[in-house]
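Undergrad: Handing you this structure, nothing more for now.
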Amino acid sequence: MPRKMGGAPGGSGGKPGTPGAGGEGGAPDRGQRRGGQGPAQPREPRSKLYSEDVVKINRCAKVVKGGKRFSFAAFVVLGDGKGKVGFGKGKAKEVASSIDKAVRDGEKDVKPFPIVGGTIPHEVEGRYGSAKVRLIPAADGTGVIAGRSVRAVLQKAGVHNILTKSYGNHNPVNLIRATLDALSRLRTKDQYQALRGVQL
């Protein structure tokens with residue numbers, strides 16, 4: 001005589017002890033699986049004082065017995081758009097951690113530079129290694145005529161109209177340091193008058 005097939009307890013027709021998803025004891029939803037955290041919250045800016053711009057991220061691979069171990073180096077430019085700008089770098093095993101370290105390092109390096117009317121007070125050159133950057137003041141409406149690395153520094157410093165030219169090594173980090181060196185050579189009219197003791 002053939003065996004009679006009966007339904008599983010609970011009347012759901014499924015496996016014993018596995019009620020439907022909508023009943024009590026069912027599989028938890030996504031929010032419950034993640035400990036009730038709900039949707040991911042937007043991340044706050046890494047720096048509360050300055051806005052940052054990630055210029056470059058380098059990846060390094062170390063070959064070990066079990067394979068390769070990757071690490072990342074981040075280079076970040078920070079500024080308030082009102083004459084203050086700085087540069088920082090950080091290394092970590094994850095990209096986010098390396099950027100956080102770079103931001104903390106850059107906050108210590110932020111310095112004020114003389115910006116007059118959205119441009120620089122006079123033409124100036126800066127060097128770092130074999131990289132050289134020339135900054136030329138420009139009239140309103142010109143914009144920031146510069147490459148990626150130099151533009152990041154000038155925009156974070158609050159420069160809106162300027163002409164630039166780079167020579168030699170085009171490594172982004174060298175160009176950033178050369179641009180910061182050029183900004184450090186700037187002097188306003190009042191500073192020159194106080195330095196020389198004459199009226200200009």
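The values are calculated or read from the model by the stated rules, or taken from the named source; none is laboratory data. As the structure is a prediction and not an experimental result, all values here were calculated from the model. So basically every Cβ, Gly included, is an ideal-geometry build from the backbone, and we count neighbours across all protein chains shown. Keep in mind that these areas ignore ligands, DNA and RNA; they rest on the heavy atoms of the full protein, side chains included. Shrake-Rupley method; radii C 1.70, N 1.55, O 1.52, S 1.80 Å.
The rows are residues; the columns are (1) open to solvent by 30 Å² or more (accessible area, probe 1.4 Å); (2) in contact with a strand residue (DSSP E or B) (Cβ under 6 Å, 6 or more places away or on another chain); (3) in a helix (DSSP H, G or I); (4) modelled with pLDDT under 95.
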| position | (1), (2), (3), (4) |
| --- | --- |
| V103 | no, yes, yes, yes |
| G106 | no, yes, yes, yes |
| P121 | yes, no, no, yes |
| K132 | yes, yes, no, no |
| L135 | no, yes, no, no |
| D140 | yes, no, no, yes |
| A152 | no, yes, yes, yes |
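Undergrad: Take the conditions open to solvent by less than 30 Å² (accessible area, probe 1.4 Å) and among the small types (G, A, S) and apply them to G168. Does it pass?
TA: Judged against the criteria, G168 is not a match.
Undergrad: While we're here: Looking only at the stretch 59-86, filter to residues that are of a type in the set (D, E, K, R) and in a strand (DSSP E or B); which one of those is surrounded by the most Cβ atoms within 10 Å (Cβ to Cβ)?
TA: K84
Undergrad: Going through the stretch 178-200 one residue at a time, which ones are assigned to a helix (DSSP H, G or I) and farther than 17 Å from L154 by Cβ?
TA: The answer is K189, D190, Q191, Y192, Q193, A194, L195, R196.
Undergrad: Go through (1) surrounded by 15 or more Cβ atoms within 10 Å (Cβ to Cβ); (2) touching a strand residue (DSSP E or B) at 6+ places or on another chain (Cβ under 9 Å) one by one and return the number of the condition P114 breaks.
TA: Condition (2) is where P114 drops out.
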